[in-house]
Structure formats: C-alpha cells, structure tokens
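The values are calculated or read from the model by the stated rules, or taken from the named source; none is laboratory data. Everything numeric here is computed off the predicted structure, so don't read it as measured data. Using ideal geometry, Cβ is built from the backbone for each residue, glycine included, and neighbour counts are taken over all protein chains shown. Please note that ligands, DNA and RNA were not included when accessible areas were found on the heavy atoms of the full protein model with its side chains. Shrake-Rupley method; radii C 1.70, N 1.55, O 1.52, S 1.80 Å.
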Amino acid sequence: MAAGDPKWQKDASDQNFDYMFKLLIIGNSSVGKTSFLFRYADDSFTSAFVSTVGIDFKVKTVFRHDKRVKLQIWDTAGQERYRTITTAYYRGAMGFILMYDITNEESFNSVQDWVTQIKTYSWDNAQVILVGNKCDMEDERVISFERGKQLADQLGVEFFETSAKENVNVKNVFERLVDIICDKMSESLDSDPTLVAGGPKGQRLTDQPQGPPNANCNC
Amino acid sequence: MLLKTLLHGYPYTHDLLKSFASKDIPPPFRGHVWACLLGVVENGLYERLDKCSPTHTDRQIEVDIPRCHQYNELLSSQEGHNKLKRLLKAWVTAHPQYVYWQGLDSLTAPFLYLNFNNEERAFLSLYKFIPKYLHLFFLKDNSSIIKEYLVKFFQLIFFHEPVLAKHLHGINFIPELYAIPWFLTMFSHVFPLHKIFHLWDKLILGDHSYPLFIGIAILKAAKEHPAQVGLQRMHSTVQRSAGHCDGNVRQRLRKDVPIHPEEHHLPEVCPARRSS
C-alpha cells in the first residue's frame, strides 16, 4: 500500500480486520456465479441478472474464531475468451469457489478444465470448493449429487450443492472455505516458523495485494 | 418537419443533420438519426448474411440474450430474442476476423430497440459503430488492445485529475477493475437503455477518443462523492456514479468535454490515434 497523501488515508472500516482473504468464483458462463455472490454479500436474488463482462468484486467482513476476516470476493466472466483477463487475478487468491450448474452437463464437464486453470495460474496452496448451483431446479437436474461428490473426491476438494435463489448452503460454502484457509494457514505457520517472524499477528496476510498483482501491469 | 426533410435528404444532408443532432435528437427519430450520423447506407448486405447456420458461439449467445436488458419489454419478448440472435450471428458472420465476446449483446441492444422493425438498419448501425469506437476490441485475443486502451485511459486520468489518479494508483484501483465493461460495451453494459440513449447521442457526435472522456467524467463525478477512500469504497462509488448519477456525469461531460475533445483536451502524452 502506498502511503500517499494523508487526506487519502484509508478510513477505519477499510482497516478494521485481522485477516484479508482474496477469493475467486469461477465456472462456466451462466452457472450463477454473480447471483451466488449477490446472495452472499447482499442477501438478494433477482432472476433479471446480467452477464459479467470482465471482472467484478465485493467485500464482506465476517467473524470466524474471534477474528475479523475481510473477504474480497472476485466474480469473473464465465466466457472462455475472458480467461486471459480473469486468470491474471488468480495469483494471490487464497480460495476458489469452482461452480457448475446441476442442470447443465457442459458446465460440469468443464470442471476439470477449470481445475487446470487454477493449478496453472494460482498459488500452490490455494483452497478450492466445488459447488453445484441451482439445486432448487430439481426437475431439470442432470448432474446427480453423487456425481458431483465423486468428482470432488477425485479432485480432493470439498463439495456443496447450493441454490442462490433459495438461499441454500450459500453462507456455508463461504464459511467452510474461510475455515479451510484458516486451517491451512495455521498449518503452514506451524511447519514454517519463519513465516511468523516479524510483524504483528496476521499482518502478513493483510499485506497481500488488495487489487490484482502489479506484475500484471506492463505499463 | 425540418428533421424529416434532413433525413429524407441523407446522405447529402449529413453535415446539416450533424449540427441538428448536436442540439437535440427527438426520441422517435433517434434510431434513424444515429444511423445517418454513423454513415449507414442501406445496401442489402444484411439480407445476404447467413444468420441461421449453427456456429460454436451459439451457446454463448443463447445464455447471454436472456440476460440482456431484460427489463425492457421489447428486448425481453420472444421476438426481441430472435432478432437479437439474428443480429449477433450476422455480425459474427460478417467479421471472420472477430469473435463474439460477452458484452456484444449489450452493445447491440440499443440499436435493436431503436430500430426494432428495421433489422437491417440496426445491423448496419452496429456494423459502423464498432470500427469507429471499438476498433479491434473483438479480436479473438484482444488483451493487448484492451491493455493499450486502459493505459491510455489512465494516462488521461493522470493528466486531467492528477490527485485523483495518484490516489487510485495508491489503492491499486486500476482501470482493469472497473473499466473493461465500460469500454468494451461503450457503457451499454453498465447503464440502462434510457441512459444509454442520452449518452450515445453525444458519443455518436464525437470521435473515437470521446469514450475515454466519458470515463473521466464518471470518475470525476465519483470524486465529488465524499466517501471515496479505500478500494471497496471507491469501487462502489464508481459503480454508483456509473449506475445512477448519470445526470451528474452528463453535466460533467457538458462542462468539461467538448464534442471534439482532441482539439482541446488531448495532451501530448496521448498515444498515437488508431486509424479508423
């Protein structure tokens, strides 16, 4: 963070947290990524949703284990062409919500491909949760819960079926992801004490880039 | 009456139409006036284009159309969906060098709405609009084009609003975070139709650099909002500014941006203009 002009200094609400996690929601076009984020951040749902061009983000602060965790959640365009733009934001992300639509086989078949994207562009210890969205549309379901679970097991990630519309499991997914990241963090702190050297508790994380990494900017 | 005469005399009356439109464009004639200002001459091209054969972009077009300006009754109607699909497919067919990017649907919507019963004019308006304002944006790999455009934009912010620019830079609020949908869709993805009309009334009179100044006007309008410190705050302020306070933005445009901005505002640092 550049210190900058004093009058531009960050206000209290921006600074008031112990950790900041950058999370990304990815998956094919029209699986419900934006709706999922709106449900979580604003507790709202509209069927008059619009497609996402490029990227968008929302911030939400939650309490987990007596810690204020600020989540910076990035919503990405699903169209494959946008990947050159969106994958630039994978770096520095600590968690991914990889979403498919249970009424759309193609979106499920693309999951493996998205995992490859994560492996290629993100940090090694980024945590992933697989999410089958639109579980309210039981009549149109083509991907059974078991298939989703099986794939998640194969990939070694956790799995939820959700509905942004009916508000099923949305909060759980985020809470679980935060927990997994916290666990992973304390694990790596235990195994590598140099990481805690210097700096007050948790500050290491807040020093992560708030926007996309500067490395993406060739200007 | 005068406008009707001018439209009747187009293309001969092109320049007169332009000066007429710089004062006001009456809504019932907007579609027609825009087409003339863009240099559209109906030539039967649209009819000849293949709008039906299946292509690999069909699925993407199909998931985007039901999400495109659906608060509007014409665009949310079945007929509206069919027409939009034909227009998009025709545009893709007519441009083998370009591809469909999400956002092209939003860009097409104003032309379709204004020329609902004249698909050819809607198509040709889009056909002329894109090379003028979105040169090369729809290349399969457009990353360098977008990057160049956003760098230009950031340079201009630095020139016109150095304090704001320094702050934005400091909090890492780079144009990639908010301006891609602005420019890739010429704001048609961020504004509702009735606001796009007024904005594009001005845009279509300006040249290809005009959109950059609209962007600056939005940031300036956001700057006037008191609570704008920090990344998230800035983001929501800019979104709000783009989404709701367009009156303010228009005012800023009127105040700050002449119709031919390059004559008055473009600083030396502005990179070479694209030839179009």
- Query: Within the bounds of region B:55-78, is there any residue that is among the aromatic types (Phe, Trp, Tyr) and either within 27 Å of A:Gly32 (Cβ to Cβ) or open to solvent by less than 20 Å² (accessible area, probe 1.4 Å) (or both)?
  - Reply: yes
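Tell me, which strands (runs of 3 or more DSSP E) lie completely within region A:83-197 with 2 or more residues that are open to solvent by less than 70 Å² (accessible area, probe 1.4 Å) and touching a residue at least 40 places away in the same chain (Cβ under 8 Å)?
Working: elements: A:95-101, A:127-133, A:158-161.
Once the strands (runs of 3 or more DSSP E) in region A:83-197 are filtered for at least 2 residues that are open to solvent by less than 70 Å² (accessible area, probe 1.4 Å) and touching a residue at least 40 places away in the same chain (Cβ under 8 Å), what remains is A:95-101, A:127-133.
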- Item | Wholly enclosed helices (runs of 4 or more DSSP H) of region B:118-170 bearing at least 2 residues within 13 Å of chain A (Cβ to nearest Cβ) | B:143-160, B:162-170
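Select, from A:Phe57, A:Phe63, the only residue that is at the interface with chain B (Cβ under 8 Å from one of its Cβ atoms) and assigned to a strand (DSSP E or B).
Details: A:Phe63 fails: at the interface with chain B (Cβ under 8 Å from one of its Cβ atoms).
Matching residue, one of A:Phe57, A:Phe63: A:Phe57.
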- Item | Residue satisfying all of: in region A:28-59; within 21 Å of B:Phe191 (Cα to Cα) and open to solvent by 50 Å² or more (accessible area, probe 1.4 Å); modelled with the lowest pLDDT among these | A:Ala48
- Looking at (1) modelled with pLDDT under 95; (2) open to solvent by 10 Å² or more (accessible area, probe 1.4 Å); (3) facing another protein chain (nearest Cβ under 9 Å), which is the one condition that is false for B:Gly243? (3)
- What are the residues in region A:43-85 that are of a type in the set (Ser, Thr, Tyr), closer than 19 Å to A:Ser163 by Cα and touching a Leu at 6+ places or on another chain (Cβ under 9 Å), if any? A:Thr76
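Please count how many residues of region B:83-92 are open to solvent by 60 Å² or more (accessible area, probe 1.4 Å) and farther than 12 Å from B:Leu104 by Cα. Working first, answer last.
Filtering region B:83-92 for residues open to solvent by 60 Å² or more (accessible area, probe 1.4 Å) gives B:85-86.
When the remaining residues are screened for being farther than 12 Å from B:Leu104 by Cα, the result is B:86.
Counting residues in region B:83-92 that are open to solvent by 60 Å² or more (accessible area, probe 1.4 Å) and farther than 12 Å from B:Leu104 by Cα gives 1.
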- Query: When the residues of region A:40-54 are filtered to those that are facing chain B (nearest Cβ under 8 Å) and out of contact with any Asp or Glu (no Cβ under 7 Å at 6 or more places or on another chain), which remaining residue is nearest to B:Gln70 (Cα to Cα)?
  - Reply: A:Ala48
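Can you go through B:Asp15, B:Asp50 and tell me which one is farther than 22 Å from B:His194 by Cα, open to solvent by 50 Å² or more (accessible area, probe 1.4 Å), charged (D, E, K, R) and not in a helix (DSSP H, G or I)?
Details: B:Asp15 fails: not in a helix (DSSP H, G or I).
Just a single option satisfies the conditions, and that option is B:Asp50.
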- Checklist (1) part of a helix (DSSP H, G or I); (2) in contact (Cβ under 8 Å) with a residue 24 or more places away in the chain applied to B:Thr55, failing item: (1)
- Query: So how many residues does region B:76-103 have that are within 14 Å of chain A (Cβ to nearest Cβ) and touching a residue at least 40 places away in the same chain (Cβ under 8 Å)?
  - Reply: 6
- With the first residue restricted to region B:205-229 and required to be among the acidic types (Asp, Glu) and in a helix (DSSP H, G or I), and the second required to be open to solvent by 10 Å² or more (accessible area, probe 1.4 Å) and modelled with pLDDT of 95 or more, Cβ contacts under 7 Å at 6 or more apart or on different chains are none
- Query: Could you say whether any residue in region B:183-191 is modelled with pLDDT of 90 or more, open to solvent by 10 Å² or more (accessible area, probe 1.4 Å) and in a helix (DSSP H, G or I)?
  - Reply: no
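Which of the residues that make up region B:41-56 are in contact with a helix residue (DSSP H, G or I) (Cβ under 6 Å, 6 or more places away or on another chain) and among the hydroxyl-bearing types (Ser, Thr, Tyr)?
B:Tyr46
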- B:Ser106 vs. criteria open to solvent by 10 Å² or more (accessible area, probe 1.4 Å) and within 12 Å of chain A (Cβ to nearest Cβ): no
- Item | Checking B:Phe173 against (1) in a helix (DSSP H, G or I); (2) within 9 Å of chain A (Cβ to nearest Cβ); (3) in contact (Cβ under 8 Å) with a residue 60 or more places away in the chain, the condition it does not meet | (1)
- Message: From the list A:Glu80, A:Glu105, exactly one residue is modelled with pLDDT under 95, within 14 Å of chain B (Cβ to nearest Cβ) and more than 23 Å from A:Ile181 (Cα to Cα). Which is it?
- Response: A:Glu80
